[in-house]
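The values are calculated or read from the model by the stated rules, or taken from the named source; none is laboratory data. What you see is a predicted model; the values in this text were computed from it and never measured. So basically every Cβ, Gly included, is an ideal-geometry build from the backbone, and we count neighbours across all protein chains shown. The protein model used for the area step is the full one, side chains on, heavy atoms only, and it has no ligands, DNA or RNA in it. Shrake-Rupley method; radii C 1.70, N 1.55, O 1.52, S 1.80 Å.
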Amino acid sequence: MIGLFDSGVGGLSIYREIQKLLPEFSTIYVGDQAHVPYGMRPYTEVRKFTTEMMRFLIHSGANPIVIACNTASGAALRYVRKEFPKTDFVGLVPALKPAAESTRSGRIGVLATPGTFRGKLYLHVKNKFAGEVIVYQDTVPGLVEQIENGQIHSSETHEILEKALRPMLTKGVDRIVLGCTHYPFAEDVIQNIAGDTVEIIKPGAAVARRVQFLLGQTQPDEVVLHRFLTTGDTTILKNALIQLLQMKDVDVEPLSWQADGRLI
Ligand code: DGL
């Protein structure tokens, strides 16, 4: 069973690609919507939530597990790999490499949370792959909340994105990296503002191929199941599955944080 985890609905943009490539495998998705957004939280806190989520997913039978959240990957990927050595983890980091390799203007834009920009993982990737290009960054304040609330095509979302994108577009970026898994759900709004000459780079398909590689010779499931759980309001995740993934009949299970920091 493939496990996926995000602070909220963002990881569904990765789930969608995994489903496309590996429809014969069962999945379990957990969103920590009791704590979304993660972007502004201290790393120590995000690490605590993520570690417990991994414990829950492993206990539920998931392997490999995709940390379908750039912020949680930055905060916790190294730690969970050490803590749970028998599990294969796939982490998310803004896709600077394909952007830097393909840009013609030598200028790329990256949209991600403050947590992601702060992390060593991001800095490492930036130094390694984007040393030769100029990188413009923006945290797009408010966009994660708009997507969580199903307000993707509102005028407020448009304004939030216009404010984030205009300065980098004025500087001539021709690639925009979506470094937060929530943002692909606003891709059409972003493309609209940026125009056709700008290419938007998102990680879903590459992550799905990585999962396929990790599964190796694993036999597909005879009965394919897709479980969805949230620590928040189950109707919110259910509505997101209907709105964002056009699902029809779907059950969402509740998951609760206990006073001792454990999940049940
Ligand atoms: N979807 C997440 C990411 O990729 C985090 C959004 C948030 O909770 O701030 O970074």
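Looking at Val177, is it aliphatic (A, V, I, L, M), within 23 Å of Tyr15 (Cβ to Cβ) and in contact with a helix residue (DSSP H, G or I) (Cβ under 8 Å, 6 or more places away or on another chain)? Let's see the steps before the verdict.
Values: aliphatic (A, V, I, L, M): yes; within 23 Å of Tyr15 (Cβ to Cβ): yes; in contact with a helix residue (DSSP H, G or I) (Cβ under 8 Å, 6 or more places away or on another chain): yes.
It is true that Val177 is aliphatic (A, V, I, L, M), within 23 Å of Tyr15 (Cβ to Cβ) and in contact with a helix residue (DSSP H, G or I) (Cβ under 8 Å, 6 or more places away or on another chain).
Gly179 passes all but one of (1) surrounded by fewer than 16 Cβ atoms within 10 Å (Cβ to Cβ); (2) within 17 Å of the chain's Cα centre (by Cα); (3) more than 24 Å from Lys238 (Cα to Cα); which number fails?
Going through the list (1) surrounded by fewer than 16 Cβ atoms within 10 Å (Cβ to Cβ); (2) within 17 Å of the chain's Cα centre (by Cα); (3) more than 24 Å from Lys238 (Cα to Cα), Gly179 breaks only (1).
Take segment 192-213 and flag every residue that is in a helix (DSSP H, G or I) and within 19 Å of the chain's Cα centre (by Cα). Walk me through how you get there before you give the answer.
Applying the first criterion (in a helix (DSSP H, G or I)) to segment 192-213 yields 192-194, 204-213.
Of everything in segment 192-213, those that are in a helix (DSSP H, G or I) and within 19 Å of the chain's Cα centre (by Cα) turn out to be Gly204, Ala205, Ala206, Val207, Ala208, Arg209, Arg210, Val211, Gln212.
If we scan segment 124-138, do we find a residue that is buried (at least 21 other Cβ atoms within 10 Å of the Cβ), within 28 Å of Ala34 (Cβ to Cβ) and in contact with a helix residue (DSSP H, G or I) (Cβ under 9 Å, 6 or more places away or on another chain)?
no
Out of Ala76, Ala99, I need the residue that is in a helix (DSSP H, G or I) and either free of Cβ contacts under 8 Å to residues at least 12 places away in the same chain or more than 24 Å from Gln191 (Cβ to Cβ) (or both). Which one?
Criteria check complete, one pass: Ala76.
Just to be sure I understand the filter: pairs with C-beta atoms under 8 Å, separated by 6 or more residues or on different chains, first member in segment 33-59 and over 25 Å from Thr139 (Cβ atoms), second member of a type in the set (Ser, Thr, Tyr). Which pairs pass?
Met54/Thr87; Ile58/Thr87
If Val173 meets every condition in (1) assigned to a loop (DSSP other than H, G, I, E, B); (2) within 15 Å of the ligand (Cβ to nearest atom) apart from one, which number is that one?
Single failed check for Val173: (2).
For segment 57-80, what are the residues that are away from the ligand (no atom under 13 Å from the Cβ) and either under 16 Å from Leu237 (Cβ atoms) or open to solvent by less than 10 Å² (accessible area, probe 1.4 Å) (or both)? Outline the logic, then answer.
Our first condition is that a residue be away from the ligand (no atom under 13 Å from the Cβ); within segment 57-80, this holds for 57-65, 78-80.
Listed by number, the residues that qualify are Leu57, Ala62, Pro64, Ile65, Val80.
Based on what the data block shows, is Gly39 within 11 Å of the ligand (Cβ to nearest atom) and either assigned to a strand (DSSP E or B) or touching a Phe, Trp or Tyr at 6+ places or on another chain (Cβ under 7 Å) (or both)? Explain how you work it out, then say what you get.
Numbers: within 11 Å of the ligand (Cβ to nearest atom): yes; either assigned to a strand (DSSP E or B) or touching a Phe, Trp or Tyr at 6+ places or on another chain (Cβ under 7 Å) (or both): no.
It is false that Gly39 is within 11 Å of the ligand (Cβ to nearest atom) and either assigned to a strand (DSSP E or B) or touching a Phe, Trp or Tyr at 6+ places or on another chain (Cβ under 7 Å) (or both).
Would segment 12-35 turn up any residue that is open to solvent by 30 Å² or more (accessible area, probe 1.4 Å), more than 20 Å from Glu145 (Cβ to Cβ), hydrophobic (A, V, I, L, M, F, W, C) and out of contact with any Leu (no Cβ under 9 Å at 6 or more places or on another chain)?
Step one: filter segment 12-35 for residues open to solvent by 30 Å² or more (accessible area, probe 1.4 Å), giving 16-17, 19-21, 23-24, 34-35.
Next, only the ones that are more than 20 Å from Glu145 (Cβ to Cβ) stay: 16-17, 19-21, 23-24.
This time we only want the ones that are hydrophobic (A, V, I, L, M, F, W, C), so: 21.
Still in the running and out of contact with any Leu (no Cβ under 9 Å at 6 or more places or on another chain): 21.
Checked segment 12-35: at least one residue is open to solvent by 30 Å² or more (accessible area, probe 1.4 Å), more than 20 Å from Glu145 (Cβ to Cβ), hydrophobic (A, V, I, L, M, F, W, C) and out of contact with any Leu (no Cβ under 9 Å at 6 or more places or on another chain).
Could you figure out which of (1) under 22 Å from Asn70 (Cα atoms); (2) open to solvent by 30 Å² or more (accessible area, probe 1.4 Å) isn't true of Glu162?
Here Glu162 clears every test but (1).
Listed residues Leu121, Leu165, Leu178; which is more than 16 Å from the ligand (Cβ to nearest atom) and out of contact with any Phe, Trp or Tyr (no Cβ under 9 Å at 6 or more places or on another chain)?
Details: Leu121 fails: more than 16 Å from the ligand (Cβ to nearest atom); Leu178 fails: more than 16 Å from the ligand (Cβ to nearest atom).
Sole residue among the options that is more than 16 Å from the ligand (Cβ to nearest atom) and out of contact with any Phe, Trp or Tyr (no Cβ under 9 Å at 6 or more places or on another chain): Leu165.
Please go through segment 143-156 and give me each residue that is surrounded by fewer than 20 Cβ atoms within 10 Å (Cβ to Cβ) and out of contact with any Pro (no Cβ under 9 Å at 6 or more places or on another chain), ordered by number. Break it down stepwise before answering.
Step one: list which residues in segment 143-156 are surrounded by fewer than 20 Cβ atoms within 10 Å (Cβ to Cβ), which gives 145, 149-156.
Across segment 143-156, the qualifying residues are Asn149, Gly150, Gln151, Ile152, His153, Ser154, Ser155, Glu156.
In segment 176-189, what residues are touching a residue at least 60 places away in the same chain (Cβ under 8 Å) and either on the phi > 0 side of the Ramachandran plot or in a helix (DSSP H, G or I) (or both)?
Initial filter on segment 176-189 (touching a residue at least 60 places away in the same chain (Cβ under 8 Å)): 176-185.
Correct list: Tyr183, Pro184, Phe185.
Taking segment 181-217, which residues are among the hydroxyl-bearing types (Ser, Thr, Tyr) and within 14 Å of the ligand (Cβ to nearest atom)?
Listed by number, the residues that qualify are Thr181, Tyr183.
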